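Undergrad: Pasting a structure here, questions to come.
Each reported figure results from applying straightforward, stated rules to the coordinates on display, with no laboratory input. Bear in mind the structure is a predicted one, so any value in this text is a computation, not a measurement. Ideal geometry is used to build each Cβ from the backbone, glycine not excepted, and the neighbour counts take in all protein chains shown.
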Amino acid sequence: MSNLLKYDVIYILDPNATTEDAAAVATKVEQIAADAKGTVLKKDDWGKRRLAYLVQKHREGHYIFYHLSIPVEAIAEVQRNLRLMEKVIKYSIVKDTISHLKAKVKPVRVKTSTSPEGSSSRPGYSRPTNPSTIRSSSSQSSSSVAPAQTVAPAVAPAPVAPAPSAEAPSSPS
């Protein structure tokens with residue numbers, strides 16, 4: 001039983017399929033799983049939905065979802081049967097690789113200190129009250145380090161050409 005893997009099987013039925021047709025496809029998938037000593041973990045009928053694009057000249061389809069735990073050899077049989085059934089217009093079989101992973105729980109952030117100005121905008125964050133005390137304490141621990149200053153680069157102005165004179169030279173008359 002160690003070779004059982006989990007698979008998600010989704011198939012879309014013809015929207016004109018009867019309930020008997022849908023039941024026949026469902027029993028065939030369940031029978032293959034049972035014959036291979038697998039189990040149906042979940043079956044979901046998603047109902048009729050609009051397709052994103054035309055599939056075999058259909059604009060809608062009836063979606064059925066299965067979550068199966070079956071051997072690798074049996075999944076080929078499921079795929080073969082879904083391909084041969086006329087009422088199945090599209091199918092997808094995906095190996096489930098993340099169902100066994102547990103969700104990671106983030107620890108709750110606890111506010112460490114209270115701000116004298118009142119509540120801060122972010123929980124768990126407190127602003128320093130006096131920046132000069134922080135600078136003096138850090139400068140004592142290290143050698144005299146000047147604070148970094150940002151200097152804007154000097155940009156020379158673009159040369160301006162003299163404007164043409166609007167006056168015409170006057171001629172003597």
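Undergrad: Starting from the exponent 0.38 and prefactor 2.2 Å, build the expected Rg for the range 54-105 from its residue count and divide its actual Cα Rg by it.
TA: 1.49
Undergrad: To make sure I understand, if each residue's beta carbon is the centre and we count other beta carbons within 10 Å, what order do Val160, Val55 fall in, fewest to most? Write out the running numbers ahead of the final one.
TA: Numbers: Val160 6, Val55 14.
Ascending number of Cβ neighbours within 10 Å: Val160, Val55.
Undergrad: Tell me the Kirkwood hydrodynamic radius of the range 1-49 in angstroms, computed as one over the mean inverse distance between distinct C-alpha pairs. List each step's numbers first, then the result.
TA: Working: mean 1/r = 0.0809 Å⁻¹.
Roughly 12.4 Å, rounded to one decimal.
Undergrad: Sticking with this one: What is the pair-distance distribution P(r) of the range 4-95, computed from all Cα-Cα distances in 10 Å bins starting at 0, with each bin given as a whole percent?
TA: Calculated P(r), rounded to whole percents: 17, 53, 26, 5.
Undergrad: Continuing with the same structure: Give me the net charge for the shell around Tyr11: Cβ to Cβ below 14 angstrom, other residues only, Lys and Arg +1, Asp and Glu -1. Please list the in-between numbers first.
TA: Values: positive: Lys28, Lys43, Lys48, Arg49, Arg80, Arg83, Lys87, Lys90; negative: Asp8, Asp14, Asp21, Glu30, Asp44, Asp45, Glu86.
Net charge in that neighbourhood comes out at +1.
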